[in-house]
Amino acid sequence: MKKNRLKSIFKISGITVLTIFFALFTWANWNGPSPADKLKPKNFALFDLSNIKDNSAFTMLNTQLQKTSGVLATCLKPADKIMSVVFYPDVVSKDDIQNKLSVWSHVEITPKAIVATGPTCPVAGMMGSFSMLKRFLCIRN
């Protein structure tokens, strides 16, 4: 009697999991990916340049970093001694950029953490999770 009940529970669970999977798979492939979905993923990093004492080095660092393969954009704020970098993680890593900045400036460069100081919107995190799931299940790329 218990075996039959256990079998029926496994059968119902299996059918439920398969139904959910096929529903998600259909949802992910219902519409073709948008042009934005076809873009390569990018990362963002902030670097603390407070160890650099020579202000003329900032322009040189920014120029050198813009010439680096895999770096899409840089923004330097000399007043706050912060550099932001947008890059392709499959071409260059955050550690590589940090090492290059340290070598070029001859001082230790550290990453600057991005910390929210107040309440944050949970929608952005959830939408990112949904878009990752949709991109993973989509075979129309």
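Observations on the model:
- Residue in the range 121-133 that is outside any helix (DSSP H, G or I) and outside the structural domain of THR59 (by TED's automatic domain parsing) present: yes
- Residue check, GLY118 outside the structural domain of ASP48 (by TED's automatic domain parsing), among the small types (Gly, Ala, Ser), farther than 16 Å from ASN29 by Cα and within 16 Å of the chain's Cα centre (by Cα): no
- Scanning the range 23-64 for residues that are of a type in the set (A, V, I, L, M), open to solvent by less than 30 Å² (accessible area, probe 1.4 Å) and modelled with pLDDT of 90 or more turns up just one, ALA45.
- Qualifying position, being aliphatic (A, V, I, L, M) and touching a Gly at 6+ places or on another chain (Cβ under 8 Å), among VAL115, VAL91: VAL91
- Residues of the range 104-124 that are without any contact (Cβ under 8 Å) to a residue 24 or more places away in the chain and surrounded by 10 or more Cβ atoms within 10 Å (Cβ to Cβ): HIS106 alone.
The values are calculated or read from the model by the stated rules, or taken from the named source; none is laboratory data. Computed from a predicted structure; not experimentally measured. Here Cβ is always computed from backbone atoms with ideal geometry, including for glycine, and neighbour counts include all displayed protein chains. Remember, those area values only see protein heavy atoms, side chains included, never the ligands or the DNA or RNA. Shrake-Rupley method; radii C 1.70, N 1.55, O 1.52, S 1.80 Å.
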